[in-house]
Amino acid sequence: MLVAVHNVAVNERLDSELANRAWDRLDALRAEFRRPEDPGAPVPVDAFTVDRLTTALDVSLTSTLMNRWNLVVRQRPIDVAAVRTLLNTRFGYGNSDAPHEDPFT
């Protein structure tokens, strides 16, 4: 869920010109994704809708497979539901597998 929140927040604050020319300026886009949020300009709470969070999580599924388990999805178009099922069933994706404190309390 935190990945989805991060992706929505970054996409909300992205400069539209940079977003439209992302492939031309990939390094700038990567830097933007790593930049801390400006405390003086928080992302509005209403940006975090269920639809946007779900979409952000769905978009991150293939990169999760690649970066965490070194797997590549070659299917085009990508069947997001199938990828989510694979991650949930095979790898327990979305389940907390380590004791941790609730970051929201």
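The values are calculated or read from the model by the stated rules, or taken from the named source; none is laboratory data. The structure displayed is predicted, hence computed values, not measured ones. Every residue, glycine among them, receives a Cβ derived from its backbone with ideal geometry; neighbour counts consider all protein chains shown.
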### Query
Any residue at all in the stretch 39-58 that is among the aromatic types (Phe, Trp, Tyr), within 27 Å of Arg84 (Cβ to Cβ) and modelled with pLDDT of 75 or more?
yes
## Note on the structure
Note on the stretch 31-46: residues surrounded by 10 or more Cβ atoms within 10 Å (Cβ to Cβ) and aliphatic (A, V, I, L, M) are Ala31, Val43
### Query
Right, Asp51: of a type outside the set (Val, Ile, Thr) and not in a helix (DSSP H, G or I) or not?
no
